[in-house]
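Worksheet for the structure shown next.
The values are calculated or read from the model by the stated rules, or taken from the named source; none is laboratory data. Model, not experiment: these values are computed from the prediction. Please note: Cβ atoms are built from the backbone with ideal geometry, for glycine as well, and neighbour counts cover all protein chains shown. Protein only, heavy atoms only, side chains kept; ligands, DNA and RNA dropped before computing areas. Shrake-Rupley method; radii C 1.70, N 1.55, O 1.52, S 1.80 Å.
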Amino acid sequence: SIPVEGAKNASANGRIVLTFDEKVKTTNNVSATLGNKTITPYVSGKTITFDYSGLAYATTYTFTLPANSVSDLSGNTISEVIKINFTTKNRDILAKAMYDFIVPDNGNIRDAITAASKRSDTSKRFRIFIRVGEYTFPASETTTVNGSDNVAYADPAIYINTPNVSIIGEGMTSTILTNTVPTNLVNGTYGPANPIEGIGKGDVIKLQGGAINTYFEDITLKSGMADTTGRNIVLNDGGNKTICKNTTLYAYQDTYVSNNQNGKFYFEDGVIRGRTDYICGKGD
């Protein structure tokens, strides 16, 4: 069973799974009890699963499935009551912390990411707060990207290659972060195009392999490229365990690129805006 008998760290919201050595079924209108709650099963092959929610933390519960509730496919029932005793885990206590860098008080977003990458202990979260406003951060002064017109342009992207970085705005619609891209257009395959359109060229933010547990909240990340001028990636996500909560990714084509086929990515209550391939890449 999951949890096992006597488990001490069960979830307060989860499921009880009973696994048998052959395919099973339940008798009519069967139900089980968990504490003072009644829960119902669903069967799949050799397993019977009971979902539950809202248990108290650090509390012992008894799951009880009455006798003769389960049988094999030939109708032979289990005549004993099935009971599992377990204790839910202690509730996690989150320690409050101050922001480590505030934009624009302490500098721009490039300065903030530089500070995050230079911290001595990357196991501790580095929190960047961005006040209400529209911020167009400068292109790189040291690196370039080659345009389709064979001109070297200042790299417009911010690179994050360090773990446990949070970028938190003051409001999803009122805190906007945009990159600086060339304003001239060239002849593209489908009409006028920005010379650095394309995945890996005109991106707003690139999460690299070291970017684990990156967290975005209450902010709009917007491409500096105009609509219909090519692929204008906002978030090129080669990281892992990325979370976007109340976050808008605003572009036209290839807005979000999932660039790690083994990565995990979580989105909640935000917007991914675009027209073409706006969620794309090799991740699941």
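Among the residues that make up region 80-87, is at least one of them open to solvent by 90 Å² or more (accessible area, probe 1.4 Å), assigned to a strand (DSSP E or B) and either small (Gly, Ala, Ser) or modelled with pLDDT of 95 or more (or both)?
Yes - at least one qualifying residue is present in region 80-87.
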Residue list for region 248-284, restricted to those being assigned to a strand (DSSP E or B) and either under 21 Å from GLY210 (Cβ atoms) or aliphatic (A, V, I, L, M) (or both): LEU249, TYR256, VAL257, SER258, PHE265, TYR266, VAL271, ILE272, ILE279, GLY281
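Residues checked against (1) within 14 Å of SER1 (Cβ to Cβ); (2) touching a residue at least 40 places away in the same chain (Cβ under 8 Å); (3) not polar (S, T, N, Q):
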| position | (1), (2), (3) |
| --- | --- |
| VAL24 | yes, yes, yes |
| SER31 | no, no, no |
| ASP51 | no, no, yes |
| GLY54 | no, yes, yes |
| THR62 | yes, no, no |
| PRO66 | no, no, yes |
| PHE86 | yes, yes, yes |
Every residue from region 185-218 that is open to solvent by 10 Å² or more (accessible area, probe 1.4 Å), in contact with a Pro (Cβ under 7 Å, 6 or more places away or on another chain) and part of a loop (DSSP other than H, G, I, E, B): LEU185, GLY210, ASN213
Failed condition for ASP121, given (1) among the charged types (D, E, K, R); (2) more than 17 Å from PHE216 (Cα to Cα); (3) surrounded by 10 or more Cβ atoms within 10 Å (Cβ to Cβ): (3)
Failed item, numbered, when VAL4 is tested on (1) open to solvent by less than 60 Å² (accessible area, probe 1.4 Å); (2) over 20 Å from THR77 (Cβ atoms); (3) not charged (D, E, K, R): (1)
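Results for (1) exposed (fewer than 14 other Cβ atoms within 10 Å of the Cβ); (2) closer than 25 Å to ASN213 by Cβ; (3) modelled with pLDDT under 95, shown as yes or no for each residue.
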| site | (1), (2), (3) |
| --- | --- |
| ASP111 | no, yes, no |
| ALA115 | no, yes, no |
| ILE128 | no, yes, no |
| GLY133 | yes, no, no |
| GLY147 | no, no, no |
| ASN150 | yes, no, no |
| ILE168 | no, yes, no |
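If you scan region 152-166, which residues turn out to be within 30 Å of GLY188 (Cβ to Cβ) and surrounded by 13 or more Cβ atoms within 10 Å (Cβ to Cβ)? Explain how you work it out, then say what you get.
From region 152-166, those within 30 Å of GLY188 (Cβ to Cβ) are 152-160; that's our starting set.
If the condition is that a residue be within 30 Å of GLY188 (Cβ to Cβ) and surrounded by 13 or more Cβ atoms within 10 Å (Cβ to Cβ), then TYR153, ALA154, ASP155, PRO156, ALA157, ILE158, TYR159, ILE160 are the ones that fit.
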Filtered residue count, region 29-88, keeping only those that are farther than 23 Å from SER11 by Cα and small (Gly, Ala, Ser): 7
Yes/no for TYR61 being in contact with a Phe, Trp or Tyr (Cβ under 7 Å, 6 or more places away or on another chain) and aromatic (Phe, Trp, Tyr): yes
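Residue-by-condition table, conditions (1) closer than 16 Å to LYS89 by Cβ; (2) under 30 Å from the mean Cα position of the chain (by Cα); (3) of a type in the set (A, V, I, L, M); (4) open to solvent by less than 50 Å² (accessible area, probe 1.4 Å):
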{"position": "ARG15", "(1), (2), (3), (4)": "yes, yes, no, no"}
{"position": "ASN29", "(1), (2), (3), (4)": "no, no, no, no"}
{"position": "TYR42", "(1), (2), (3), (4)": "no, yes, no, no"}
{"position": "ALA67", "(1), (2), (3), (4)": "no, no, yes, yes"}
{"position": "VAL70", "(1), (2), (3), (4)": "no, no, yes, yes"}
In region 131-161, the residues that are within 28 Å of GLY171 (Cβ to Cβ) and either touching a helix residue (DSSP H, G or I) at 6+ places or on another chain (Cβ under 6 Å) or of a type in the set (A, V, I, L, M) (or both): VAL132, PHE137, ALA139, ALA157, ILE158, ILE160
Residue pairs meeting the criteria (Cβ under 6 Å; at least 6 apart or on separate chains; first at positive phi, in region 235-254; second small (Gly, Ala, Ser) and open to solvent by 10 Å² or more (accessible area, probe 1.4 Å)): ASN246/GLY270
Among the residues listed as ASP203, ASP237, the single one being at pLDDT 95 or above and closer than 19 Å to ILE130 by Cβ: ASP203
